[in-house]
1. Farther than 25 Å from Met349 by Cβ and either out of contact with any Cys (no Cβ under 9 Å at 6 or more places or on another chain) or in the same structural domain as Leu352 (by TED's automatic domain parsing) (or both): which single residue out of Val293, Val278, Val288 fits that description?
2. Yes or no: Gly53 buried (at least 18 other Cβ atoms within 10 Å of the Cβ) and at pLDDT below 80?
3. State yes or no: is Phe25 over 20 Å from Leu59 (Cβ atoms) and either without any contact (Cβ under 8 Å) to a residue 24 or more places away in the chain or part of a helix (DSSP H, G or I) (or both)?
4. Which of the residues belonging to the stretch 96-131 are among the hydroxyl-bearing types (Ser, Thr, Tyr) and touching a Lys or Arg at 6+ places or on another chain (Cβ under 8 Å)?
5. Which of the residues spanning the stretch 85-106 are more than 13 Å from the ligand (Cβ to nearest atom) and either among the aliphatic types (A, V, I, L, M) or in contact with a His (Cβ under 6 Å, 6 or more places away or on another chain) (or both)?
6. Here are some conditions: (1) at pLDDT 90 or above; (2) not in a helix (DSSP H, G or I). Phe193 meets all but one. Which one does it not meet?
7. Looking only at the stretch 127-172, which residues are small (Gly, Ala, Ser), closer than 20 Å to Phe193 by Cβ and either surrounded by fewer than 19 Cβ atoms within 10 Å (Cβ to Cβ) or modelled with pLDDT under 90 (or both)?
8. Report, by residue number, each residue of the stretch 77-104 that is polar (S, T, N, Q), surrounded by fewer than 20 Cβ atoms within 10 Å (Cβ to Cβ) and either within 11 Å of Asn18 (Cβ to Cβ) or modelled with pLDDT of 85 or more (or both).
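The values are calculated or read from the model by the stated rules, or taken from the named source; none is laboratory data. Bear in mind that the values here come from a model prediction, so they are computed numbers and not experimental data. Virtual Cβ from ideal backbone geometry, glycine too; neighbours counted across all protein chains shown.
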Amino acid sequence: MQGSFRAGRVFGIDVEINVSWLLVFALFSFTLAQHYYPMFAPEFSPTVYWSMGIISTILIFVSILLHELGHSLVAIREGISIKKITLFIFGGVAHMEEEPKSPAGELKIALFGPGVSIVLGFIFLAFYYLTTPEIALNHVLRFLAQVNFVVGIINLIPAFPLDGGRVLRAGLWHIMKSMIRATRAAAFVGSVFAFLAIGIGFVMIFQTSWWGLWYIFLGWMLYQAGQSSYVQLVFHQALKGVPVSQIMSTEVQTVSPNVTLDRLVEKFYKYRFGAFPVADNGRLRGLVDFNQVRGVPSEEWPNTPVSRIMIPEEKLVKVAPNTEAVEAMMKMAAGNVGRILVVEGGELMGILSRTDMMKLIRMHMLLEKRK
Ligand SMILES: [Zn+2]
């Protein structure tokens, strides 16, 4: 996640904190110290209130980390490696390298996080009952018990990609026997919840409660998260195990480095591609883009060879033919390019465009729908 730094390592999993969390830290500590605790636990000094605020916020952080570790440790037992856990403004995310292999696995992974939160809620509640209201800690314990119960319960709302939505997906997956269709259905239910939250937000604003904005914001975030996790899954499913060589175009129109720009422009008119790889006897030298030609005045075209304006070979985004298509797609996204050149031993083997991948994904989805 952008703007995150590594904070430590637990059970072999990197824990990183997003900068947005620091904002939450300040906001929570302040609100608790200045408003919440003075209201619910009067007659302590400001220093004590601030300590209560800061300790509570740290313990919220630990609680959310334990929730994510709950998911992560079960996922690892299910054979899914966890790259890292990120804590950010809305809580945490455990980054799973792949999707669960079975509905039962998904169910266990999804339930364990809220399970940890609810158990933590009971632990804090037990310690709360063991202490008396004269000591400041008593109020902190009660607050943390509430927070953990709320975290556990909210996450169980069946709105994918919340944990409850994953539980729903596991159930649908078991019934439908297709993970993609189950995800689509779960994402749909999730979007209903998201729009419900947005609707409630608007009603609240009409009743002049500005908390409504918060509902609208959370609803929108939930909707976006649901859609993007569905799209991501479809991509991964469609491209899983497919090597680049299987979907690349092999009939590539290339230009020689010595061709002048006036001839190149004719080629652009003829083929209407956005760019041509530059090759010399099959060896890749670079890539020339339509926009680069536009940067040269037309009177200079007859005297300018392609080699002078092309992007040189070493600066291009390239993959080997046996690279997985998923990896090629990620490389394209990272380099912000619409096509990637397939090269083996310096020789141009083919070209893979985003359009090729979209066609493959579309075909995959149409076939999946029939099942
Ligand atoms: Zn969770």
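1. Answer to the check: Val293.
2. Against the criterion (buried (at least 18 other Cβ atoms within 10 Å of the Cβ) and at pLDDT below 80), Gly53 does not qualify.
3. It is false that Phe25 is over 20 Å from Leu59 (Cβ atoms) and either without any contact (Cβ under 8 Å) to a residue 24 or more places away in the chain or part of a helix (DSSP H, G or I) (or both).
4. Within the stretch 96-131, just Tyr128 meets the criteria.
5. Ile89, Pro103, Ala104
6. (2)
7. Of everything in the stretch 127-172, those that are small (Gly, Ala, Ser), closer than 20 Å to Phe193 by Cβ and either surrounded by fewer than 19 Cβ atoms within 10 Å (Cβ to Cβ) or modelled with pLDDT under 90 (or both) turn out to be Ala159, Gly171.
8. Selection gives Ser102 alone.
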